[in-house]
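Let me begin by presenting the structure, written as structure tokens, before commenting on it.
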Amino acid sequence: MFQVLNEEGEVVNKEALPDLSDEDLKELMKRMVYTRIFDQRAVSLNRQGRLGFYAPVAGQEASMLGSQYALEQKDWIIPGYRDVPQIVWHGLPLYQAFLFSRGHFHGGQIPEELNVLSPQIIIGAQIVQTAGVALGLKKKGKDSVAITYTGDGGASQGDFYEGMNFAGSFKAPAIFVVQNNQFAISVPAGEQTAAKTIAQKAVAAGIPGVQVDGMDVLAVYAATQEARSRALNGEGPTLLETLCYRYGPHTMAGDDPTRYRTSDLDDEWEKRDPLVRFRKYLESKDLWSEEQENEVVDKAKEEIKAAIKEADDTPKQKVSDLIENMHEVLPPHLKDQLEEYREKESK
């Protein structure tokens, strides 16, 4: 397992320490703290009935944000349903992320200049999409890469192998990140595959596979940076397995992790908390303080409140919106239905 910081925030791999400025290091911490607050607020809003589908991210901040921070704005992110933080930090307005959770069509209307796709709900389908996007970038001579994410469960899907094999064959500039958070909903990773690691599955596609400490933001950043350099140099895709843990349920749609996880396992991974680890590292360099963290927390709460208000103020989705948005040119039977619903909605 590739690691830079241990659980105490101490550097254990000096040669791999990424060349990040003090400002970069503080920015990474700010983003992880902000995202933890976002997650707490999103869970609360879901329980209040003010959000729809939501997959908690606490515990996976280093994996998500360390990898996204290694990208450039011109790179493409093809996310799964848990990967909302990456596309928000890549530029998606926060209020649209909330609308996506509510199933509102505007949540999926990605700003034209932003290189992300709407989060994929079908498990593993984004792997095949990424192979296609990456090949398109290569054929157009673009100096950019496509990155995607799935969980350990997604690595058991046929799309996972198909996408990697296709990208590997054409040396497409892709990065496949499997965030191994130990459970595909309730099935332990060890029961999904006889392979010792997910990273080694890259061998079958003829591409490099790297297992990374997903609770170590610097290790994730460094591994992603290396994978990106390989892709841009024409060396093809890389599979990154980030070992991490989701502290909450799989989604807020009724999953109860106490039915398949022990308190001892939870406690073990709590000690590896990515925020605690990185905080210790920054404090050892006199780059972080409780006051700075509180400022980030306050800012996050304020901006999240404003984004929720903007989402609330967005006109409600109508059936006629759905019909109009599905086709550029409506077929005859939908034209009739559109008029029918417009008449109903006008009353």
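Every number here is computed from the coordinates shown, using simple stated rules; none is lab data. The structure displayed is predicted, hence computed values, not measured ones. In this analysis, Cβ positions are derived from the backbone assuming ideal geometry, glycine residues included, and neighbour counts consider all displayed protein chains.
With an a/c value of 1.5 or above and a/b not larger than b/c for the gyration tensor axes a ≥ b ≥ c computed over the alpha-carbon atoms, the stretch 68-221 is described as oblate. Computed from point charges on the beta carbon alone (+1 for Lys and Arg, -1 for Asp and Glu), the dipole magnitude for the chain about its Cα centre is near 820 Debye. Over the residues of the chain, the helix contribution to mean residue ellipticity at 222 nm works out to -15000 deg cm²/dmol, using -39500 (n - 2.57) for each DSSP H run of at least 4. With a Förster radius of 41 Å, plug the Cβ-Cβ distance of LYS316 and ILE122 into 1/(1 + (r/R0)^6) and report the FRET value to the nearest 0.05. In this case the efficiency is close to 0.95. Rounded to the nearest 20 debye, the dipole size of the stretch 167-251 about its Cα centre is 180 debye, using +1 on the Cβ of Lys and Arg and -1 on the Cβ of Asp and Glu.
Summary value for the stretch 74-159: 40 percent relative contact order, contacts being C-alpha pairs under 8 angstrom separated by 6+ residues. Summarising the label geometry, the points placed 7 Å from Cα in the beta-carbon direction at ARG50 and GLN200 lie 4.8 nm from one another.
Looking at GLY49, SER346, VAL297, which one has the Cα that reaches farthest to the positive end of the dipole of the chain (charges on Cβ: Lys, Arg +1; Asp, Glu -1)? Ranked along the dipole, the leading option is SER346. Based on the convex hull around the alpha carbon atoms, the stretch 14-314 presents an average projected area of 15.4 nm². Could you tell me whether the stretch 203-347 comes out rounded, prolate or oblate from its Cα gyration tensor? Rule is a ≥ b ≥ c as square roots of the eigenvalues, rounded for a/c under 1.5, then prolate if a/b exceeds b/c, otherwise oblate. Here the stretch 203-347 falls in the prolate category.
Looking at the square roots a ≥ b ≥ c of the eigenvalues of the Cα gyration tensor of the stretch 83-158, which shape do they give, rounded for a/c under 1.5, prolate if a/b is larger than b/c, or oblate? Cα axes put the stretch 83-158 in the oblate bin.
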